[in-house]
Each structure stands twice: as structure tokens, then as C-alpha cells.
Amino acid sequence: MIVRPPPLTLAASWVPEARGSGHPGWIDVFGHLGRFGRLGRFGAVTLAVSLGGCLSVPDGPTPMCETTSDCDQAQGEVCDEGVCWGNPPPGPFAAVISPPSTRHDLVPRELPQVEIPDFGWMGDLALEAPVLLNGRIVQFCPPPMTGCDSTTLGATVTVSRRSQFHGGPGFKAVVNVESGADSFAIPVPRTRPGDDLYTVTIVPAGGQQAGATPSPAELVPPLRMQVSITANTTASAIELGGPDLPVISGTLTGGLGQGLSGYRVVALGRWDSTAAATEVSSVDFTDAKGNYAVTLSDALVGMVELVARPPSNKVEATLHIANIDATMSSQHNVSEPNTLGAPIKLVVPVTGVDRSGTVSPVRGALVSVTGMLAGSNTSFTISDEQLTGDNGTVSLNLLDGIGLGGSYRLAIIPPASSPLGVLFDQKITLGQILPMRLAPRVALRGKIVDNAGKPLTNVAVTARPSLRFLWTLEAAPQALVSAIPAATAVTPETGEFVVWVDPNVTQVWGHYDLLIEPPSTALAPTYTKTEVEIPHDDMLDAVTLGDITLPDAAYVHGRITGPDGDPVDSAELKLYLVSTAPSLCSEVAHAPPSCPVPSPLQGRNTSDAKGTVRLVLPR
């Protein structure tokens, strides 16, 4: 059964401009004049309202329609609130509804399928009441021992669930639990038949630096479990640690046999083979003799890597031991080689040259240098990174040993929206001042116009590396490009914009997506111009895109309610276009195993006091 929207009352006051006018829309027309305050579609008139006298009202916005005959009836559009609702773009669509932060009685909800009829009314979109995941975090007490310390451990608890539609944001909630607290309670959407399980990850607090007493991170490893939460849970004890967990132990010594003290030792690994490596053991700090021992978490997959990082006040190498079996205890004694050398300062002045040839210091650029001495399973790395000051200079702390000297590589990331480009994988020589000069980036120029060709003002234009560009790069340059701040510009009245991008990285030529976000008053849809290619020309200084015409707009609406059917004010609706054929991952060389291609966001808005939410979609 198709349910059409209820008739609107005289309190309805949202009136858009005629399509393609470019004037502000969704405008409150003189308070709440409703239908009687709306203007004709093809012109504006002066209104007069008798309120004990005559009151002249200035010319107002021109509504899109007065009756449905003014709309595209053949495509199902209907007129209401002065808007031609309907004729939506083809789907499939999914949505995420989020309650306002003040409504603790509601939780976000994913709608894997959202039907938008031709007349544009999505109906009631209901939020849900939460169920609570309760618990206390304590240290494992091996039987038959009694009288164990049952004090609640401090920890970070993360509850997550992958999206119920491909490319969606999924659910994630994070709570920090204080040591000694009674329990935690995390509101989550109820698990329903067919839903994925929740992943609960508990990371003990502390462990960043040694203290007078051991932190929770030094006592127990993290815990990961998967649960179905169909109702409020009881605040039962969740034990970290356990019997027969593997322990990695050993001794770290220097080149002269002295113990390396104060090193932070932890294991990196995975519970999920498609996820990035994370800390999966307790933390230890080496004693005066260099001794350490860390306990691994349960249910790990693959191998783990042991990482021993020196104290922050020492310029020494970080030790890495790879390919350690995660299912059994093992011992690893490592002695530093004598070829790492002594501390040395590397001074790097950073300047940039613009297209006119002017050279000036670059303030706020991130300069990083890394060197490595690698063995079969054991390696030593030394790195430092600093932001340039007002004079464009940084001073980095490194080691001057012959074992590292030829391995040092430098990277520079300029400030956000800088017209200067990145540097990557630059081989450097120690023992001297190392001036570095950043070359100009390529300018992407264009003009944003609406569907009628009129320039749009206050449009945010953001250039991001496309996934195709990113996933064509190998891991190291991919990480660098991901860390570059996105270039953003806001259009003036002319609708013109300029954003600066790197033409290529490691000889992989750039492709960029332009995210175009008009202000809500423009009544123009959000739009992404994908795969803007940089021509393979080292002498190129700009790419002119000309007019970028935003698609015709489709207007849809619905009502956000609570589980009781009452409207919810200030709730947010995000509508996504679900990709049905994500073929990109098979077309590039370095896509992540999980292939996280996001579904593009088509529109977002918040509900009014009556729960009504209105979206502008690209058609």
C-alpha cells in the first residue's frame, strides 16, 4: 500500500525558489503565512495582511508551484509547501538516522533499503530505543584462587558493527571507563535476526609511559569478543587476561652488552586478517638489565610483530621483531649492532617557489625523516618529525651510524590548501644543513553553476585523491597521500574556485574527486565530480575544468519519529546511494583486503519540530 504524505496545515512555511534561480531557499515566508503567503510561480508580488491595519510585506521568494499541475506530473511529482516533491533519481538507497545528542532514549538506526515513491514522500522513518551493554572490567583470577583484586580496571571500550549495507558507515560507540568505577553501560541498537554480531574491543588504560605502579595495560592484554545484544545485559565481570595465554619475553641489550632500560615493548597483530595491525598484548617497560615480558591476547590470527620503542628523552633506535607465532610462548633476546651510531642533529630549511618564481620560507610543513637497518626478522628504525616554524626550519634528531646513513628518506607535507607540493622518499645525507624546496602544485580551476547555468556562491569545493589514485600507489606513498590535508575552497559570487593538488606521487599521476557542497539555502544538490585526471605534463601549472553544472535537483521528504510514533526534532537523516557493482578493487594493484569503497552520500538534513526532514538529491 502506498502511503501519501498527510496534508500540510497553514503552519507550513518552507518555500523554495523556482528551479535554477540560485536564490536562497527553504525560506520562512514572513513567519507562518502558509499557503496563503506563498507567491506565484512566475513572479513575486507584494502581500498585505490585515492585522488591525495594513502591513506591507516585501517581495518574497517565488515558490516552485501552486498546484500539482505546475509540476512534472508524468514523473509523479506533486505540489506541496510550494515544492514539486518527487521524481527521485534511481536507487537503490540506504539511510542512517541519528537522534539529537540530547535524546539518550534513542540510538542511531541503519535502514539498508529506503524506498522513495515517485511523489517523494518516504513516510515515517522510526528511530529505536537502545539496549544497554553493561559490564565491569576486572583482571583474570585463576581458579581456585580467591580474594583476587576485583577493582574495576580502567579501559577504553569500543563497540562496533559493520554496516548493514555495502559501503555504509556502520555503528561505533566508544566509552572510557575509569579505574575503580562501578560498571559501564553503552547504549546500542538491538541485534535483530540476520544482523551481524557486535565486536567489543577492550583496551586497558595507560601503558604509554612507566609509572610508580603498573597501569592496567601493563597487567593484562586487550580483549576482543563478538556478541549479540538483544536486550539489556547485566553488569557482569569481564575478565582481561586468562590461563595459558602466550607470553613473549627476552632481553634487549646494547652493542656493549649493557641492558637497554625503559623501552616500551608491545606486540602488534590482528584478530581479523583484513584489519590493520593494532596492539594485541600487554605493555612492558624493560628493566635495568633490558628484560621484558608481554602477554598476548587470545584468538589472534597470523603472526605478530614485537616493537620496542626507546624512552622519549633518548635518541635511540626502535627495535622490530617480525613473524612471531601468536599461538605459543617464545623468547627473543636481541642485541643492538654497533653500526647505529650516535645522536646527530639534522637541520632542514624548507622553502617554496610559486609560479612567479618567488621563493619564501614555508611555515607549518610537516617534515619527517626515517632510516632503517634491516635483518631477516629483526630491524632497527630511527625517525623524527617536526613542523616548520616561522622561518621554515626544523631540527630533527637522528643517528649517524654507517648502518643507517644510506637508508634515510625524507618526506614533507605542506600545510592545508597550500599551493606547494609534497616531497616523498627523498634520499638525504647527514652532517650538513639540508635545504629543501617545494615546487608548485597544479591548480584545478572551475566554476560551479546550477542547473540553469547561474553561478553559485558559498559552495564548498574539496579535492580529495580518488580511491583509484590511492590504491594504485604502494603502501608507503599511499599512506603519505592519505595524510595530505584535503584542498578546499569556497566560491564567491562568481562561482569560481581554485584548489591546489599534487600532479603525481612516485610517478603515479593523480586522479581527484571534487566534492561539491552547496549551502542548504541554495536548494542545489551535493555532487561529486569523480576522477578528475591530471594530464601527464611536468610543465603543467593548471587544469581548467570550465563550468561544472550541478545536476537537476529532486526534492524528497519524510518524517523522523521515535519508536512510539512521536516526531523527533533535530534528528539527522543521511541518504546514501548503494553501489551494486564495486569493481574498483579488482582493477587496482594495492586495494585493502576489506575493499572499503564507501557508498556516496546523496543528501543530509535535520528534522524540524514536526519531525519532517527535507532532502535535495542529485537527479
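The values are calculated or read from the model by the stated rules, or taken from the named source; none is laboratory data. Since we're looking at a predicted model, the values are computed, not measured. When we count neighbours, we look across all protein chains shown, and the Cβ atoms used for this are built from the backbone with ideal geometry, even at glycine. Side chains are part of the model used for accessible areas, which takes the heavy atoms of the whole protein and leaves out ligands, DNA and RNA. Shrake-Rupley method; radii C 1.70, N 1.55, O 1.52, S 1.80 Å.
Some observations on this one:
- Annotation: extensible slack from Asp400 through Asp566 equals 52.9 nm (criterion: 0.36 nm per residue apart, minus Cα-Cα distance).
- Length released on extending from Asn391 to Ala483, taking residue separation times 0.36 nm less the Cα-Cα span: 30.8 nm
- P(r) histogram, all alpha-carbon pairs of segment 311-362 included - 10 Å bins from 0, percent: 15, 25, 21, 18, 14, 7, 1
- Once both labels are positioned 7 Å from their Cα atoms along Cα-to-Cβ, the gap between Cys141 and Thr429 label points is 6.7 nm.
- The label-point distance for Met225 and Ser407, in a model that sets each label 7 Å from Cα toward Cβ, rounds to 4.2 nm.
- Whichever lysines have a C-alpha closer than 25 Å to that of Lys610, once near sequence neighbours (fewer than 8 apart) are set aside: Lys574
- Legend: calculated FRET efficiency, Asp196 to Val175, from the Cβ-Cβ distance at R0 = 35 Å, rounded to 0.05, equals 0.95.
- Cα gyration tensor, segment 530-619 - rounded (a/c under 1.5), prolate or oblate: oblate
- In the assembled protein chains, Leu373 presents an accessible area of approximately 40 Å² (probe radius 1.4 Å).
- Potential lengthening between Met328 and Asn232 on full extension [0.36 nm per residue; Cα-Cα distance subtracted]: 30.9 nm
- Segment 249-338: relative contact order as a whole-number percent, Cα under 8 Å and 6+ apart: 35 percent
- Gap separating the Cα centres of segment 65-82 and segment 546-585, nearest whole Å: 21 Å
- When only Cα pairs below 8 angstrom with a gap of at least 6 residues are kept, the chain shows a relative contact order of 12 percent.
- Reducing segment 343-378 and segment 597-615 to their Cα centroids gives an inter-centroid distance of 44 Å.
- Sequence-distant lysines (8 or more away, or on other chains) whose Cα lies within less than 18 Å of Lys289: Lys314
- Pairwise Cα separations in segment 347-465 fall into 10 Å bins from 0 onward with the following percentages, short to long: 12, 35, 25, 16, 8, 4, 1.
- For segment 338-402, the alpha carbon convex hull comes to 105 Å³ per residue, rounded to a whole number.
- Kirkwood hydrodynamic radius of segment 156-309, from inverse mean 1/r over distinct Cα pairs, in Å: 17.4 Å
- Label reach from Arg468 (point 7 Å along Cα→C-beta): in segment 499-519, amide nitrogens under 18 Å belong to 502-505, 507-516.
- Sites Thr544 and Thr318, calculated FRET efficiency, Cβ-Cβ separation with R0 45 Å, nearest 0.05: 0.45
- Once Rg and the Kirkwood radius are both taken over the C-alpha atoms of segment 69-125, their ratio Rg/Rh works out to 1.11.
- Restricting the chymotrypsin sites (Phe, Trp or Tyr not before Pro) of segment 80-123 to loop positions (DSSP other than H, G, I, E, B) with no more than 14 neighbouring Cβ atoms within 10 Å leaves nothing.
- Whether segment 296-412 is rounded, prolate or oblate, judged on the alpha carbon gyration tensor where a/c under 1.5 counts as rounded: prolate
- With DNA, RNA and ligands ignored, accessible area of Lys529 (1.4 Å probe; Å², nearest 10): 70 Å²
- Of the whole protein surface, Glu572 contributes about 50 Å² of accessible area at a 1.4 Å probe radius.
- Cross-link reach list, lysines versus Lys447, counting only Cα pairs under 21 Å and skipping chain neighbours closer than eight places: Lys529
- Modelled label positions at Thr158 and Asp354, each set 7 Å beyond Cα in the direction of Cβ, lie 4.2 nm from each other.
- Cβ-derived FRET efficiency at R0 45 Å, Ser520 paired with Ser586, nearest 0.05: 0.75
- Geometric descriptor of the chain, per residue, is 215 Å³ (volume of the convex hull of the Cα atoms).
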